[in-house]
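Colleague: Submitted below is the structure of interest, expressed as structure tokens.
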Amino acid sequence: MAMLGFLKSAGRVARVRNSSPFLWHSLRQVAAPSLLRMMSALASQNDVIFRQLFDRETCTYTYLLADAKTKEAVLIDPVIDLAERDAKLVEELGLELKYVMNTHVHADHITGTGLLKKLVPGCQSVIAEVSGAVADKLINHGETVKFGDHELEVRSTPGHTNGCISYVSHNLKSVFTGDALLIRGCGRTDFQEGSAESLYESVHSQILSLPEDYIVYPAHDYKGNTSSSVGEEKQFNPRLTKPKEEFIEIMNNLGLPYPKKIDISLPPNKVCGLYNLPDELAAKLEN
């Protein structure tokens, strides 16, 4: 790892990769897989702005992606309590927020979509049509969401909820999996029309079928991990590496408690996070 000490920016990594294939090969032999994924992405993508943001209360990840040239941006899975943070970052980076997108109707937090539509006028909300939720743009499997010269492919990945979707960036070799696939885990299937069988089939057919070097960015992580890869999850995921029948048995016997925030989260999340809000959050929209 000593050879990595001087690689302090994506530009330097890119120069090493492009000008010295031998050194790049040597680095590949000694670097950790997670670091290599990061280095590879940084080295090959200098036309995309990417931020992974975190909510400590719900352990939710929010993702900001933008075209570095056109400044068009999308925000995936925002949390209402941190909408001001997200809007400020968009402003500081000089971005034009085009879409605020959800991977599904969340049960553990209220989406920041509605408040962001007020804080950043002109942006539109996005969610899967099959979710039954209200949004400016309802999307379906196989469609794409474009921002600048980039796009995200929409893949239907039900099982945690009927309306779960994953967003695939083939350009970034990444997939944003929501709660369908977590790092060494997956979303629960015991509420919100959940189905262990559907989850197993959709994750294997739509996510784990991607190239093994694709980076997995989930909606949550409770152990401090930030990303994984398709290859890692195919090898190490303790649930999804099991045969389907065993996976279903595991999921049907988790014995998890009732989600703490589901009763206050689902009603507003069905309507873009604009209505049916708790009083303290409704006040944010009025100010």
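Colleague: With outside any strand (DSSP E or B), closer than 21 Å to LEU181 by Cα, open to solvent by less than 20 Å² (accessible area, probe 1.4 Å) and among the aliphatic types (A, V, I, L, M) as the only criterion, which of VAL90, VAL130, VAL145, VAL105 stands out? Step through it out loud before you land on a result.
Modeller: Numbers: VAL90 fails: closer than 21 Å to LEU181 by Cα; VAL130 fails: open to solvent by less than 20 Å² (accessible area, probe 1.4 Å); VAL145 fails: outside any strand (DSSP E or B).
Result of the check over VAL90, VAL130, VAL145, VAL105: VAL105.
Colleague: Say whether the condition of being under 18 Å from ILE215 (Cβ atoms), of a type in the set (S, T, N, Q), at pLDDT below 60 and open to solvent by 50 Å² or more (accessible area, probe 1.4 Å) is met by at least one residue in the stretch 42-56.
Modeller: yes
Colleague: Within the stretch 224-251, count every residue that is charged (D, E, K, R) and free of Cβ contacts under 8 Å to residues at least 24 places away in the same chain.
Modeller: First, the residues of the stretch 224-251 that are charged (D, E, K, R): 232-234, 239, 242, 244-246, 249.
Restricting the remaining residues to those that are free of Cβ contacts under 8 Å to residues at least 24 places away in the same chain gives 242, 245-246, 249.
Count: 4.
Colleague: Sticking with this one: For the stretch 133-142, give me each residue that is within 20 Å of THR111 (Cβ to Cβ), open to solvent by 30 Å² or more (accessible area, probe 1.4 Å) and touching an Asp or Glu at 6+ places or on another chain (Cβ under 9 Å). Step through it out loud before you land on a result.
Modeller: Of the residues in the stretch 133-142, the ones within 20 Å of THR111 (Cβ to Cβ) are 133-140.
Checking the rest, the ones that are also open to solvent by 30 Å² or more (accessible area, probe 1.4 Å) come to 134, 136-138, 140.
LEU138, ASN140 - these are the residues of the stretch 133-142 that are within 20 Å of THR111 (Cβ to Cβ), open to solvent by 30 Å² or more (accessible area, probe 1.4 Å) and touching an Asp or Glu at 6+ places or on another chain (Cβ under 9 Å).
Colleague: Further question on the same structure: Looking at PRO243 and the list (1) over 23 Å from ALA128 (Cβ atoms); (2) within 18 Å of the chain's Cα centre (by Cα), which single condition is not satisfied?
Modeller: Condition (2) is where PRO243 drops out.
Colleague: Please tell me if ALA66 is at pLDDT below 95 and under 23 Å from SER166 (Cβ atoms). Spell out how you get there, then give the answer.
Modeller: Working: at pLDDT below 95: no; under 23 Å from SER166 (Cβ atoms): yes.
Answer is no for this residue.
Colleague: Okay, moving on. Which residues, taken from the stretch 62-87, are open to solvent by 10 Å² or more (accessible area, probe 1.4 Å) and on the phi > 0 side of the Ramachandran plot?
Modeller: LYS71
Colleague: Starting from the stretch 194-206, keep only residues that are of a type in the set (Phe, Trp, Tyr), then list their pairs with residues that are open to solvent by less than 50 Å² (accessible area, probe 1.4 Å) whose Cβ atoms are within a distance under 6 Å, requiring at least 6 positions of separation or different chains.
Modeller: Every condition considered, the pairs that remain are TYR200/PHE247.
Colleague: Picking from VAL79, VAL145, which residue would you name as being farther than 20 Å from ILE262 by Cβ, in contact with an Asp or Glu (Cβ under 9 Å, 6 or more places away or on another chain) and either of a type outside the set (Ser, Thr, Tyr) or free of Cβ contacts under 8 Å to residues at least 60 places away in the same chain (or both)? Can you show your working first?
Modeller: Numbers: VAL79 fails: farther than 20 Å from ILE262 by Cβ.
None of the other options fit; the residue is VAL145.
Colleague: When you scan the stretch 108-127, how many residues do you find that are assigned to a loop (DSSP other than H, G, I, E, B) and crowded, with 17+ Cβ neighbours inside 10 Å?
Modeller: First, the residues of the stretch 108-127 that are assigned to a loop (DSSP other than H, G, I, E, B): 108-110, 112, 120-123.
Filter once more, so that each one left must be crowded, with 17+ Cβ neighbours inside 10 Å: 108-110, 112, 120, 123.
Number satisfying all stated conditions: 6.
Colleague: With (1) free of Cβ contacts under 8 Å to residues at least 40 places away in the same chain; (2) under 15 Å from the mean Cα position of the chain (by Cα) as the list, and ALA219 as the residue in question, which single condition is left unmet?
Modeller: (1)
Colleague: Right, next: Enumerate the helices (runs of 4 or more DSSP H) found wholly within the stretch 176-287, keeping only those where 2 or more residues are among the polar types (S, T, N, Q), touching a Ser or Thr at 6+ places or on another chain (Cβ under 9 Å) and surrounded by 13 or more Cβ atoms within 10 Å (Cβ to Cβ). Lay out the reasoning, then the answer.
Modeller: Working: elements: 196-206, 230-236, 244-251, 262-269, 279-286.
Passing ranges, in order: 196-206, 262-269.
Colleague: May I pose another question? For the stretch 149-171, enumerate the residues that are under 30 Å from ASP47 (Cβ atoms), open to solvent by 30 Å² or more (accessible area, probe 1.4 Å) and either part of a loop (DSSP other than H, G, I, E, B) or in contact with a Phe, Trp or Tyr (Cβ under 9 Å, 6 or more places away or on another chain) (or both).
Modeller: First, the residues of the stretch 149-171 that are under 30 Å from ASP47 (Cβ atoms): 149-157, 164-171.
Checking which are open to solvent by 30 Å² or more (accessible area, probe 1.4 Å) leaves us with 149, 151, 153, 155-156, 170-171.
If the condition is that a residue be under 30 Å from ASP47 (Cβ atoms), open to solvent by 30 Å² or more (accessible area, probe 1.4 Å) and either part of a loop (DSSP other than H, G, I, E, B) or in contact with a Phe, Trp or Tyr (Cβ under 9 Å, 6 or more places away or on another chain) (or both), then ASP149, GLU153, ARG155, HIS170, ASN171 are the ones that fit.
The values are calculated or read from the model by the stated rules, or taken from the named source; none is laboratory data. If you're wondering where the values come from, they're calculated on a predicted model, not measured in any experiment. With ideal geometry, Cβ positions are generated from the backbone for all residues, glycine too; neighbour counts draw on all protein chains shown. Accessible surface areas use protein heavy atoms only, side chains included; no ligands, DNA or RNA. Shrake-Rupley method; radii C 1.70, N 1.55, O 1.52, S 1.80 Å.
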